[in-house]
Amino acid sequence: MAGRYDKNPFDEEEEEVNPFAHPASAPAVSNSRLSPLPPEPADFYNDYGATVVIPLDTPGDLKKKEKELRAREAELNKREKELKRREEAAARAGIVIEEKNWPPFFPIIHHDIANEIPVYSQRLQYLAFASLLGLVACLFWNMIAVTAAWIKGEGVKIWFLAVVYFIAGCPGAYFLWYRPLYRAMRNESALKFGWFFLFYLLHICFCIFSAVAPPIVFKGKSLTGILPAVDVVGDSVIVGIFYFIGFGFFCLESLLSIWVIQQIYMYFRGSGKAAEMKREAARGAMRAAF
């Protein structure tokens, strides 16, 4: 019978080997077991890091920031009042701040007939605006037709002149006669009507001249009139068709412009602006004489 404290035959013997010990001094075999690890604290796996304490602003800092915000607000209110005062002064002096709003996709001019022109004058203003757009279309098509003629061998000089007509004619028409008419309709100014009539007559003369396009003053084939169209169609039918279309555009623009100036002149005479313009011209002449 085995003793009470005999060794368990099924118990495996474990060797304790220290991996950090020197191989020569480490015992070959040790009968002692590894000592158990110390117990871990309860919140060992819940420790996400030390708490970061963010210092709050002191009451003095808050008062300083509040004071700066009040100073900025007072400055903004002061600027807003100054801007409003200037706008009111400009309105009393008859100065209108014109913000560019047309065309909507790329604003280059100020244009708001519905809100700035009196209701009884809006129809005439729309007709004048159609005349302006018609001139732009005529000069643009003229440039296309002359480009086709240049490609067919008519020379680069006529193309260069056509480009000059378009670049100078469109803004020139707007500043010389359309904008004076717009301001005359808006402010009921008699002198601005006189400025419009002067340059609009020149506009009509140019349209009639372009519809004929004689080979004088301007280079004949740089304008799509009836004479260049007849001359070009013998060399190239396609270019001739382009020129005849341009001739039609200039004819329509001439007829529209003549009708527009008749309608505006009737409005000018009926509203009493003709007599007012005569009185203002007489007063201006007297002031210049003295």
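The values are calculated or read from the model by the stated rules, or taken from the named source; none is laboratory data. Computed from a prediction, not measured in an experiment: that's the story for all the values here. Reconstructed Cβ throughout: ideal geometry from the backbone, glycine too, with neighbour counts over all protein chains shown. All accessible areas refer to the heavy atoms of the entire protein, side chains included, with ligands and DNA or RNA removed. Shrake-Rupley method; radii C 1.70, N 1.55, O 1.52, S 1.80 Å.
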- The residue that is farthest from the chain's Cα centre (by Cα), considering only those in region 242-290 that are at pLDDT 95 or above, open to solvent by 50 Å² or more (accessible area, probe 1.4 Å) and aromatic (Phe, Trp, Tyr), is Phe244
- When region 135-155 is examined, which residues are found to be crowded, with 18+ Cβ neighbours inside 10 Å, more than 18 Å from Asp235 (Cα to Cα) and either out of contact with any Gly (no Cβ under 6 Å at 6 or more places or on another chain) or acidic (Asp, Glu) (or both)? Leu135, Cys138, Met143
- Any idea how many residues of region 118-136 are touching a residue at least 24 places away in the same chain (Cβ under 8 Å) and of a type outside the set (Gly, Ala, Ser)? 8
- Note on the structure: Given (1) among the aliphatic types (A, V, I, L, M); (2) open to solvent by less than 70 Å² (accessible area, probe 1.4 Å); (3) modelled with pLDDT of 90 or more, Leu202 misses just (2)
- Query: Hey, among Ile216, Ile158, which residue is open to solvent by 60 Å² or more (accessible area, probe 1.4 Å) and among the β-branched types (Val, Ile, Thr)?
  - Reply: Ile216
- Query: Counting only residues that are under 13 Å from Trp177 (Cα atoms) and either buried (at least 18 other Cβ atoms within 10 Å of the Cβ) or not hydrophobic (A, V, I, L, M, F, W, C) (or both), how many does region 187-196 have?
  - Reply: 4
